[in-house]
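Structure record follows, encoded as structure tokens.
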Amino acid sequence: MVVDDHDLSRQHTVQALRQIACRVKQAAHGRAALKMARYFQPELIFLDLHLPDMDGHVLLQQVLEVWPESEEKPAFVFLTGDSSAASRTDLKALNPCAILTKPVSRNDIT
């Protein structure tokens with residue numbers, strides 16, 4: 001699942017993922033992503049940090065809170081426009097699979 005409010009950036013990520021994954025869901029807002037995550041239970045979530053209705057950290061926390069205990073938690077990748085090392089230090093503490101700078105390409109994912 002790709003969660004990003006910037007349409008072009010989201011489409012780049014979705015297109016890159018569709019080259020290597022069979023099903024990719026997408027959402028432009030945190031509330032829609034939370035509903036989608038509950039229903040589809042994605043294995044991997046690409047998550048923009050700055051969404052209009054909630055912070056990416058908050059969305060991740062809410063997804064994990066409602067996740068069924070009997071199911072394995074999804075892996076996640078943070079998407080950011082900030083490529084500075086300082087901003088990535090805080091994100092690494094949340095143990096993401098990766099932190100990618102937007103726009104994302106297939107080479108970034110593989």
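Only the coordinates and a few stated rules stand behind these numbers; no lab work does. All values derive from a computational prediction rather than experimental measurement. Virtual Cβ from ideal backbone geometry, glycine too; neighbours counted across all protein chains shown.
With a simple spin-label model that places each label point 7 Å from the Cα along the Cα-to-Cβ direction, the separation between Ser105 and Glu69 comes to 4.6 nm. Computed per residue of the chain from DSSP H runs no shorter than four, each worth -39500 (n - 2.57), the mean residue ellipticity at 222 nm is -12000 deg cm²/dmol. Charged side chains reduced to their Cβ positions (Lys and Arg at +1, Asp and Glu at -1) give the chain a dipole of some 340 debye around its Cα centre.
Put a dot 7 Å past the Cα of Cys97, heading toward its Cβ, do the same for Gln61, and the two dots end up 2.4 nm apart. Taking Cα centre as origin and charging only the Cβ of basic (Lys, Arg, +1) and acidic (Asp, Glu, -1) residues, the dipole magnitude of the stretch 46-110 rounds to 340 debye. Which log10 I(q)/I(0) values, to two decimals, does the chain give at q = 0.21, 0.22 Å⁻¹ under the Debye formula with one point per Cα? Each listed q maps to, in turn, -1.18, -1.30.
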